[in-house]
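To start, the structure under review is shown below, and the notes come after it.
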Amino acid sequence: MMTFPPDNYVLTESAVSGIEVYMPRPPKEMQQEVVEFHCPQCDATTAYSAENGGLTCTHCGHYEAPVQEVVGKAAVEFEFTVETIERAAHGWGIERKELSCNRCGVHTTIATDMLTHTCPFCGSNQVVQVKAPQDVLRPRFLVPFKTTEDNCRQITANWLQNSWMLPKDLQKLARTAEFTPIYIPFWTFDAHASAYWRAEVAHTKQKTVWSGGRRTTKTVTEWRWESGNVEQFHDDLLVNGSNQISKVLLRQMRGYDLQELVPYDASYLAGMQAQAYDIGLEEAWELGRDAMRQRTKAACRTQATSQRMRNFSMSLDFSKETWRYILLPLYLATYAYGNERFQVMINGQSGKIAGQRPVDWRKVIGVTAVSMLPAILLGLLSLYLSNNVATADVGVPVGFVAVLALIGALVFIIRAVQTALQMDDA
Amino acid sequence: MMLNTTKTTWTDTWGQPLTLAGCWQCDGVFLLPPQRPLTICPYCGQESLDALDTAVDRPVYTQPPELLLPFTITDVNIQENLAQFAKKTWFAPADLSPQNLLARLQPIYLPLWLVDANAQATWQAEMGYNYQVVSHKEAFQSGQWRTQEVRETRIRWEPRLGRLNRHYDNQMAPALEEQRLLELALGTYQLNGIRPYRPDDLIQAAAHLPNRPPADAWTEARESLKKIAAEECRQAAAADHIREFRWTADFDAQNWTQLLLPLYTTFYHDDESRVHMVFMNGQNGNLRGQRRASMQKARRWAILIGSSAVVIFVISLLLALLGHFREAMLPWAGAGLTIALLVGVTAVLPLLAAWYVNRFGHFYDDGQQALAELTNVAWKAGEQPPV
């Protein structure tokens, strides 16, 4: 016999007397504000392990398998409701949250935009299930860490020696760098774009004209109106939700595979740092829409029969717009070289690395100077040969080769300096 | 023919000496004022009314009504409505005149059940909540993007369930098989003018006795209560929409009340002397009747127009003959032949119009369809013998 009400329903407000209304019970997960992780065997602290994808005891090695299944891109997406946008605009505030450690009783305060905390006194890992302004605005999905700290060291060591521009003693710093695993907030956006474009497109053709009694060929440009429609689906466009991470480095290190998304569970955050968004939904959606606009515009322009056009105009209707708030894994590390500190980021899923590297400018200048030598020597040889009557005929081709060598050297120098500057500035 | 009602027993409870009569055409059972001649059925207009013996022919429900909704439409409105009906019928039969309709007008009360009940139920439904989503329309012109925000209302469906313990008063349930059709044809009666039944209410008017007892009408009453309960549950859950409402309900404290509703009936005969009923809601004057065109009248018009065409044709032929002698006559002859042809063609229009009216009616809506069902099914119009 079915009991009434069913277990998964709770009594809710009713506007009519004599009628009781029950609604599905809200998910239990968020009812626990702080989740602490202890080993069921030895009570020591447990933390998420990228190596085996579960909780591992730092003391006795007890392993607890992950509880969630991979949902990938099937992860639930949300609509842009007026209510959500208004509430998202409130953000997380600037207050700090007071936490009382259940283990040692010490009170500590953390910023409200941090989702995890490790008690500085007993080392207990705590995940703060921050109350979001609306349920959908808490992280609902994440990509778990797959890259271990040891992998990071190896990747960093390789990265610090894969260019001749880097100082020789840099590689050993990889061993001393501290890698902090952190979940970074990201927004993903989907939208269907229906665009109509119109532009005057240039068509060139050769025309023969008579001028001053002579027949000449002229290139004439004819402008013709063209138009078209583009239907484009933008799937899972990623927009960074944090202002505190270098956008340049994030861009270099992109390439998260969202097929590995799993539903949010506090255990994935145990022992990691995790940040809540500080770039709100509306602001992020504006950035996302701008990226979609540019992509759709580019797709419209490719439809034209020529890429030279003027008076380009287009209308663009977005529909089926949805979003997700997710956490993506990242390792952050800094190392000191000389008097400077350099930042490194490693994609916690793919192991892709990006960061700043100190450039040995003496080496760069030396190598670029040496690259000029063949051109200079060939130039001098060309001058010598040209001044000698017997070898004057050979001087010209040698001079030509010298010019080519000079061009090659200049290209090399420009590329080298560009790369060096990128390494330094990233 | 007058029936002696002095022997009746249960009709005494109605407070008036009334005659029990039954119609073998529409199966209606009526209580008529004693002075009313037992000839024409007040409900189907046929001469098929027979006196019944109250002791032998006991109707399904004999109790007097508790409540009554009085006739409120004025005589002036009645005359206007009937005149409009007669006037707006194309090629109306000779019998369809406002005078005839008025002369045959009969007031009759129709029964309706009002049920009170306590309901205890468990229910479940999907509640729909409106919400707005924001979308964007963009335009790129002169190197700049212009964005327009668009808001669209959508419905979020959520499951809800609950318990209900409510008392319902005066829920309508049919006391006649054809109640739904009558309601469709004549509109809903407003119950705010209800008063207790008085015996003198039936001095002039007939009363149609229920052909559905409460136990039989309970199925519809239950459905009607379910609809009300669904709406109340929607309000309780503060939802904007509801769907898939299901309930398991127990009812007690049921109380059935018979209410009489006012109706005027009248009729006219078509060319074949068939009866066609016209009904008028006695409260708001809504009138619904079968419109029949007279094919005889249409034929007369067709002959008249056709004759005119023939006359024009003959004159045109004469002009054509004259054209041999005076050429100026030939164009007139040509014009005359064309006009004769056009007039000749239009001669079929009255016949077509009359056929169309008899086949499809002037217009067709739910009310007209309900009337057609009433007359075709309940009154067996196809089987009516000529008067």
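The values are calculated or read from the model by the stated rules, or taken from the named source; none is laboratory data. Here the structure is a predicted model, which is why all the values come from computation and not from measurement. When we count neighbours, we look across all protein chains shown, and the Cβ atoms used for this are built from the backbone with ideal geometry, even at glycine.
Inside segment B:54-81, can you point out the residues that are more than 18 Å from B:ASN211 (Cβ to Cβ) and at pLDDT below 90?
Listed by number, the list holds a single entry, B:ALA55.
Condition first: modelled with pLDDT of 90 or more and farther than 30 Å from A:PHE318 by Cβ. Can you find one or more residues in segment B:179-188 that meet it?
no
Hey, does segment B:266-279 have a residue that's buried (at least 21 other Cβ atoms within 10 Å of the Cβ) and within 14 Å of chain A (Cβ to nearest Cβ)?
Within segment B:266-279, not a single residue is buried (at least 21 other Cβ atoms within 10 Å of the Cβ) and within 14 Å of chain A (Cβ to nearest Cβ).
Quick check on this structure: which one of B:VAL275, B:VAL345 is farther than 30 Å from B:LEU225 by Cα and not assigned by TED's automatic domain parsing to the domain that holds B:GLN63?
Checking each option against the conditions leaves just B:VAL345.
Surrounded by 14 or more Cβ atoms within 10 Å (Cβ to Cβ), among the hydrophobic types (A, V, I, L, M, F, W, C) and at the interface with chain A (Cβ under 9 Å from one of its Cβ atoms): is that true of B:TRP123 in this structure?
Criteria met by B:TRP123.
Conditions (1) part of a strand (DSSP E or B); (2) out of contact with any Ser or Thr (no Cβ under 8 Å at 6 or more places or on another chain); (3) not aromatic (Phe, Trp, Tyr), marked per residue:
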residue	(1), (2), (3)
A:TRP323	yes, no, no
A:ILE326	yes, no, yes
A:GLY351	no, no, yes
A:LEU383	no, yes, yes
A:ALA392	no, no, yes
A:LEU410	no, yes, yes
A:MET423	no, no, yes
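Residue check, B:TRP256 against (1) closer than 20 Å to B:PRO93 by Cβ; (2) part of a strand (DSSP E or B), all met but one. Which one?
Of everything listed in (1) closer than 20 Å to B:PRO93 by Cβ; (2) part of a strand (DSSP E or B), B:TRP256 misses just condition (1).
Out of A:ALA354, A:ALA304, I need the residue that is within 30 Å of A:PHE179 (Cβ to Cβ) and surrounded by 15 or more Cβ atoms within 10 Å (Cβ to Cβ). Which one?
Result: A:ALA354 is the single residue among A:ALA354, A:ALA304 that is within 30 Å of A:PHE179 (Cβ to Cβ) and surrounded by 15 or more Cβ atoms within 10 Å (Cβ to Cβ).
Residues of segment B:143-186 being among the basic types (Lys, Arg), within 12 Å of chain A (Cβ to nearest Cβ) and within 21 Å of B:TRP256 (Cβ to Cβ), which ones?
If the condition is that a residue be among the basic types (Lys, Arg), within 12 Å of chain A (Cβ to nearest Cβ) and within 21 Å of B:TRP256 (Cβ to Cβ), then B:ARG166 is the only one that fits.
Can you give me the number of residues within segment A:315-337 that are β-branched (Val, Ile, Thr), more than 14 Å from chain B (Cβ to nearest Cβ) and under 30 Å from A:ALA299 (Cα atoms)?
1
Using beta carbons and a limit of 6 Å, which pairs, at least six apart or on different chains, have the first residue in segment A:32-54 and under 24 Å from A:PHE179 (Cβ atoms) and the second one part of a strand (DSSP E or B) and among the aromatic types (Phe, Trp, Tyr)?
Here the result reads A:THR46/A:PHE37; A:GLY54/A:TYR63, each pair linking segment A:32-54 to a residue that is part of a strand (DSSP E or B) and among the aromatic types (Phe, Trp, Tyr).
If we scan segment A:340-351, do we find a residue that is modelled with pLDDT of 90 or more, touching a helix residue (DSSP H, G or I) at 6+ places or on another chain (Cβ under 8 Å) and of a type in the set (A, V, I, L, M)?
yes
From (1) assigned to a strand (DSSP E or B); (2) in the same structural domain as B:ALA83 (by TED's automatic domain parsing); (3) under 30 Å from B:ASP169 (Cα atoms), pick out the condition that doesn't hold for B:THR266.
Condition not satisfied by B:THR266: (3).
Do you know which residues across segment A:336-376 are touching a residue at least 60 places away in the same chain (Cβ under 8 Å) and among the charged types (D, E, K, R)?
Those that are touching a residue at least 60 places away in the same chain (Cβ under 8 Å) and among the charged types (D, E, K, R): A:LYS352, A:ARG357, A:ASP360, A:LYS363.
Answer yes if at least one residue in segment A:38-52 is in contact with a Leu (Cβ under 7 Å, 6 or more places away or on another chain) and surrounded by fewer than 17 Cβ atoms within 10 Å (Cβ to Cβ), and no otherwise.
Scanning segment A:38-52, I find no residue that is in contact with a Leu (Cβ under 7 Å, 6 or more places away or on another chain) and surrounded by fewer than 17 Cβ atoms within 10 Å (Cβ to Cβ), so the answer is no.
Are any of the residues in segment A:21-43 within 14 Å of chain B (Cβ to nearest Cβ), modelled with pLDDT of 85 or more and touching a Gly at 6+ places or on another chain (Cβ under 8 Å)?
Checking segment A:21-43: at least one residue is within 14 Å of chain B (Cβ to nearest Cβ), modelled with pLDDT of 85 or more and touching a Gly at 6+ places or on another chain (Cβ under 8 Å).
Taking B:LEU102 and the conditions (1) in contact (Cβ under 8 Å) with a residue 40 or more places away in the chain; (2) more than 30 Å from A:GLU20 (Cα to Cα); (3) crowded, with 18+ Cβ neighbours inside 10 Å; (4) not basic (Lys, Arg), which numbered condition does it fall short on, given that it satisfies the others?
Failed condition: (3).
Is it the case that segment B:218-239 has a residue that's more than 20 Å from the chain's Cα centre (by Cα), outside the structural domain of B:TYR109 (by TED's automatic domain parsing), in contact (Cβ under 8 Å) with a residue 12 or more places away in the chain and part of a strand (DSSP E or B)?
Looking through segment B:218-239, none of the residues is more than 20 Å from the chain's Cα centre (by Cα), outside the structural domain of B:TYR109 (by TED's automatic domain parsing), in contact (Cβ under 8 Å) with a residue 12 or more places away in the chain and part of a strand (DSSP E or B).
Filtering segment A:253-281 down to residues that are modelled with pLDDT of 90 or more and part of a helix (DSSP H, G or I), which residue is nearest to B:LYS137 (Cα to Cα)?
Applying the filter and picking the extreme gives A:LEU258.
Just to check your reading of the model, which residue among A:ALA298, A:ALA333 is under 25 Å from A:MET253 (Cβ atoms) and without any contact (Cβ under 8 Å) to a residue 60 or more places away in the chain?
A:ALA298
Any idea which of (1) modelled with pLDDT of 75 or more; (2) in a helix (DSSP H, G or I) is the one A:VAL136 doesn't satisfy?
Exception for A:VAL136: condition (1).
Any chance segment B:151-159 includes a residue that's touching a helix residue (DSSP H, G or I) at 6+ places or on another chain (Cβ under 9 Å), free of Cβ contacts under 8 Å to residues at least 24 places away in the same chain and closer than 30 Å to A:TYR196 by Cα?
Yes: segment B:151-159 contains one or more residues that are touching a helix residue (DSSP H, G or I) at 6+ places or on another chain (Cβ under 9 Å), free of Cβ contacts under 8 Å to residues at least 24 places away in the same chain and closer than 30 Å to A:TYR196 by Cα.
Anything in segment A:400-426 that is over 30 Å from A:MET165 (Cα atoms) and buried (at least 17 other Cβ atoms within 10 Å of the Cβ)? List them, or say none.
Correct list: empty.
Taking segment A:288-314 as the search range and keeping residues that are charged (D, E, K, R) and more than 17 Å from B:GLN144 (Cβ to Cβ), which one is nearest to the other protein chains (Cβ to nearest Cβ)?
For segment A:288-314, the residue satisfying everything is A:ARG295.
If you check A:VAL262, A:VAL220, A:VAL201, which single one turns out to be farther than 30 Å from A:LEU328 by Cβ and either crowded, with 16+ Cβ neighbours inside 10 Å or touching an Asp or Glu at 6+ places or on another chain (Cβ under 7 Å) (or both)?
Result of the check over A:VAL262, A:VAL220, A:VAL201: A:VAL201.
Considering every residue within segment A:311-333, establish whether at least one is of a type outside the set (A, V, I, L, M, F, W, C), crowded, with 17+ Cβ neighbours inside 10 Å and under 22 Å from A:THR148 (Cα atoms).
Yes, because at least one residue in segment A:311-333 is of a type outside the set (A, V, I, L, M, F, W, C), crowded, with 17+ Cβ neighbours inside 10 Å and under 22 Å from A:THR148 (Cα atoms).
B:ALA215 versus (1) within 14 Å of another protein chain (Cβ to nearest Cβ); (2) among the aliphatic types (A, V, I, L, M); (3) out of contact with any strand residue (DSSP E or B) (no Cβ under 6 Å at 6 or more places or on another chain); (4) not in a loop (DSSP other than H, G, I, E, B): which is the lone unmet condition?
Only one criterion is unmet by B:ALA215, namely (1).
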